[in-house]
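Undergrad: Take a look at this one; I'll ask things after.
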Amino acid sequence: MKVRFWGTRGSIPVSFTARSIRPKIKKALFAALQAGLSDPSEIDAFVDKRLPFSVRGAFGSNTSCVEIVTGGEDFIVCDAGTGIKNFGEDALGRRLHGQPGVFHLLLSHLHWDHIQGFPFFAPAYIPGNRIFVYSCHGEADSALRIQQSPPFFPVGFSELGAEIVFRTLEPGQEYEIGGARVLALPQIHPGDSFGFRFFANGRSVIYSTDSEHKLDARHPASPFLEFCNNADLLIFDAQYGFAESQTLKEDWGHSSNIVGVELAKDAGVKHLCLFHQEPSLNDAELESFLKETRRYARIYKRDVPLRVSMAYDGLEITT
Ligand SMILES: [Zn+2]
Ligand SMILES: [Zn+2]
């Protein structure tokens, strides 16, 4: 299975500004001076090997949208944050080449940062495309219609050209969706959210965002541990550091990097991917957050291996 990240930022999109780009340019130029870089043919290798990701790249801009690739004909995508715009354009150009396609869109919940990209999802406008929208929330249909009704958006939902079908999922029941087996789990979040576990090609991937794990989450009987058992990849809401998750931002509906490491190791997960990044953190701060998380992963249950990464728009992970 392959996972493509199209939108990874929590709560609200974060765009570049002149102010956020300038420190990156200064750091890159300083590093080039120190390295004595003078030959243009060495620039690519210098950028790839000598500059940290926070300087040569950027963590998520768009809100949640993650594609699950099983190798089948149909598209599977989790959440319709602003990242779904780029996903839709890529799907139309990369694989469909003018032919109609089938899209399976699973919504973790209906908070705006998880549905706000749908009005910009180009395949929804094209007759012949079929879009199945799955949610454990029965109001998914009305939520998508409301955000495309006056005065919020100029094009009404009923004017979309694609065939759009809503299906309500029951947590705990296994479904066959787009060539994958899918299981949903209820999560603690204002208004509830649901995690999804995908099984395909002998691999399993968990998409678990907007979920607050309390201190007792590591109880051996925890449903989340069973849900994640031996997963190849866990995409995990790590919007906060541990201290703020237990103090100021307790009950805000999100988890910390620390509880992510503990749950992943306790459940025998192979790869933890931090997701739904805090929008107020810049790239340098997010890189430090990732380093801290990796440091804790080396300390907690030292003998249990765990790969830790941080999602960014454009990242691909193959399990
Ligand atoms: Zn969210
Ligand atoms: Zn939410």
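Undergrad: Mind checking the dipole of the chain: about its Cα centre, +1 per Lys or Arg Cβ, -1 per Asp or Glu Cβ, Debye to the nearest 20?
TA: 1060 debye
Undergrad: Given the peptides 268-277, 174-183, arrange them by the average over their residues of other C-beta atoms within 10 Å, most packed first.
TA: Descending packing order for the listed peptides: 268-277, 174-183.
Undergrad: Restricting to Cα pairs below 8 Å that are 6+ residues apart, what does the relative contact order work out to for region 62-114? Please round to a whole percent.
TA: 43 percent
Undergrad: Once whole DSSP H runs in the chain are found, which of them have Cα atoms spread over 20 Å or more along the helix axis and a mean Kyte-Doolittle score of at least 0.0? Don't skip to the end; give the middle numbers.
TA: Values: long enough: 18-35 (25 Å, 0.10); 283-299 (24 Å, -0.92).
Qualifying helices: 18-35.
Undergrad: Right, next: Give the calculated FRET efficiency between Glu170 and Ile12 to the nearest 0.05, with a Förster radius of 35 Å applied to their Cβ-Cβ distance.
TA: With R0 = 35 Å, the Cβ-Cβ based efficiency is 0.65.
Undergrad: Still on this structure: Choose one of Ser15, Pro305, Asn257: the residue whose Cα lies farthest towards the positive end of the charge dipole of the chain (beta-carbon charges +1 Lys, Arg; -1 Asp, Glu; about the Cα centre).
TA: Pro305
Undergrad: OK, next. Using a simple spin-label model with points 7 Å from Cα along the Cα→Cβ vector, what separation in nm is obtained for Phe120 and Asn230?
TA: 4.2 nm
Undergrad: If I take the Cα coordinates of the chain and project them onto the principal axes, what are the three extents in Å, biggest first?
TA: Result, largest extent first: 59, 49, 40 Å.
Undergrad: Quick one: of the DSSP bridges fully inside the chain, what percent are antiparallel, nearest 5? Walk me through the numbers before you get to the answer.
TA: Working: 26 of 57 bridges.
Taking every DSSP beta bridge within the chain, about 45 percent pair in antiparallel fashion.
Undergrad: Give me Trp112, Trp6 ranked fewest to most by other Cβ atoms within 10 Å of their Cβ, as a rough exposure proxy.
TA: Ascending number of Cβ neighbours within 10 Å: Trp112, Trp6.
Undergrad: Using θ = phi - 60° and the Karplus relation 6.51 cos²θ - 1.76 cosθ + 1.60, list the HN-Hα couplings for region 249-255 in order, rounded to whole Hz, with x at every Gly or Pro.
TA: 9, 5, 6, 8, x, 10, 10
Undergrad: Could you work out how much longer the chain between Ser20 and Asp216 gets when fully extended? Use 0.36 nm per residue separation minus the Cα distance between them, nm to one decimal.
TA: 66.7 nm
Undergrad: Also, I was wondering about something else. State the answer as a single residue: which of Phe30, Phe59, Val77 lies farthest towards the positive end of the charge dipole of region 1-99, with beta carbon charges of +1 for Lys and Arg and -1 for Asp and Glu, about the Cα centre.
TA: Ranked along the dipole, the leading option is Phe30.
Undergrad: Right, another one. To make sure I understand the rule: partners must be lysines, Cα under 19 Å from the Cα of Lys49, and not fewer than 8 residues away in the same chain. Which ones qualify?
TA: Lys24, Lys26, Lys27, Lys291
Undergrad: In addition: DSSP loop (so not H, G, I, E, B), at most 11 other Cβ within 10 Å: list which GluC sites (Glu not before Pro) in region 48-129 pass both filters.
TA: Those satisfying the criteria are Glu73.
Undergrad: Report, in debye and to the nearest 20, how large the dipole of region 156-226 comes out about its Cα centre when Lys and Arg carry +1 and Asp and Glu carry -1 on their Cβ. Mind dumping the intermediate values first?
TA: Details: 6 positive and 10 negative charges, 64 e Å.
The dipole magnitude comes to about 300 debye.
Undergrad: Now, a different point. What distance in nm separates the simple spin-label points at Ile299 and Lys270, each placed 7 Å from Cα in the Cβ direction?
TA: Each label point is offset 7 Å from its Cα along the Cβ direction, giving 2.8 nm.
Undergrad: Based on the Cβ-Cβ distance of Asp74 and Phe53, what FRET efficiency does E = 1/(1 + (r/R0)^6) give at R0 = 25 Å, to the nearest 0.05?
TA: 0.20
Undergrad: Calculate, in nm to one decimal, what Glu139 and Val155 gain on full extension: separation in residues at 0.36 nm each, minus their alpha carbon distance.
TA: Values: separation 16, 0.36 × 16 = 5.76 nm, distance 2.02 nm.
Between Glu139 and Val155, full extension yields 3.7 nm more.
No lab work stands behind these numbers, since they all come straight from the coordinates. Every value quoted in this text rests on a predicted model; they were computed, and no experiment measured them. Note: ideal-geometry Cβ built from the backbone for every residue, glycine included; neighbour counts use all protein chains shown.
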